[in-house]
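First the structure, in the form of structure tokens, and then the observations on it.
The values are calculated or read from the model by the stated rules, or taken from the named source; none is laboratory data. Given the structure is predicted, the values throughout are model-derived calculations rather than measurements. Every residue, glycine among them, receives a Cβ derived from its backbone with ideal geometry; neighbour counts consider all protein chains shown. Heads up: the accessible areas ignore ligands, DNA and RNA and are worked out on the full protein's heavy atoms, side chains in. Shrake-Rupley method; radii C 1.70, N 1.55, O 1.52, S 1.80 Å.
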Amino acid sequence: MLGTVLLLLALAKTACPSPASIASWRAEALKKLLEVFGMDDPPAPPTHFKQPPQYMVDLFNTIANADGVTKNPDILEGNTVRSFLDKTHNEEMRFLFVLSSMAKNEKILTAELHLFRLWPRVTDGPKRHHFCQVSVYQVLGKDKPDTPEGKKLLAARLVSLQTSGWEVFAITSAVRDWAEDESSNQGLLVTVQGLRGSPLNPPPLQFASGRGHHESKKPMLVLFTDDGRRGASLPTAGFPGGLHTPGMTPLLGRSRSTRSLGRLQPCQRHPLSVDFEEIGWSGWIISPRGYNAFHCKGSCPFPLGENMRPTNHATVQSIINALKLSEGVSSPCCVPDKLYSINLLYFDDDENVVLKQYDDMVAGSCGCH
């Protein structure tokens, strides 16, 4: 699929004489490329400069190298991570996250509420609490969220009052309810109590809300899902080290060294750059700026050596071809025999930040098959 897209883009620049034909080829190629990334249309870039949540940036850097290639395919259970910011923008500990951008086919694996714990308030008097109990509830109705019938406990634990930083609470069951029935999403309620469950007024602990705090500290829902899109054709793995190669072959052209390669050159891997800025996607893709897809090129002459990484079938085919034992049997082809996944960090149509992993996007090595 990706090879077809790259061919269409190359033809758009080199083979079509008229501007209208070039535009048509390019539009078709980019549409095919969007299909590879599981999209019908490219998301609209944010209307103003928007800083992605640091958690999502750190997660991307943990999972992928600078070119987006997966370091370790076992880090993520699924292939999609979505972040949603709170929509209430009030000072109360009520939070609402709109999940409309989540695809219907995505299987919810884990959902987390991320709250930034502020430094505790200074209280009068000699008595000072060191811990308090924080509880997270799913709001069941608009009218009486503070009553036992109006809320369901999702998570509760003791939180230190001596530090500040992020607190993460599991809220998977609530998000699954909201995914099944969007109208049931009445948000979340967070309460702070003493060690014995007594209310603390004013509460010594506060979380950053939508107002009056830096955007990097806003309440956030992080959703881990899987959309079922998995590559199964070839072995996949994380690349041992970076894939960044200086002087990569441009997506819409060929380097001088690539042009000089003749047909008699042995099967091997060559650079092939996919530049997101060149194809007009840099407005909504945060990272990477592009990646090296690589491509396989060269001959598979008889006899096939171990350096050609041939399959048994390819070895037999090369023998039949060389000895002309059967008509119409060609020599084996130089193709990828190992593929790696890449990751994109991008803004969706609702300006939420998404991290998505795509299988079989980089030729890790080539062989005669």
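Structure notes:
- Over 30 Å between alpha carbons, listed pairs Lys32/Lys217; Lys218/Lys356; Lys107/Lys151; Lys31/Lys218: Lys32/Lys217; Lys31/Lys218
- In a DSSP loop and with at most 10 other Cβ atoms within 10 Å, there are no trypsin sites (Lys or Arg not before Pro) in region 266-307.
- Whole-angstrom gap from region 131-172 to region 314-369, using each part's C-alpha centre: 48
- For region 268-281, the Karplus equation 6.51 cos²θ - 1.76 cosθ + 1.60, evaluated at θ = phi - 60°, returns couplings of 7, 8, 10, x, 8, 7, 10, 9, 5, 5, 5, 9, x, 10 Hz by residue, with Gly and Pro reported as x.
- Probe 1.4 Å, all protein chains present, accessible-area order of Cys333, Cys366, largest first: Cys333, Cys366
- Nonlocal amide H pairs with Ile286, under 5 Å, H built at 1.01 Å: Leu345, Tyr346, Phe347
- Under 5 Å between amide hydrogens, built in the peptide plane, is the criterion, and for Ser299 it picks out Gln265, Cys267 among residues at least 5 positions away or on other chains.
- For Phe131, the amide hydrogen comes within under 5 Å of the amide hydrogens of Leu161, counting only partners 5 or more places away or on other chains and with H modelled in the peptide plane.
- Eligible lysines near Lys152 by straight Cα distance, threshold 17 Å, same-chain separation 8 or greater: Lys142, Lys144
- At R0 = 41 Å, FRET efficiency that the Cβ-Cβ distance of Glu215 and Glu180 yields, to 0.05: 0.85
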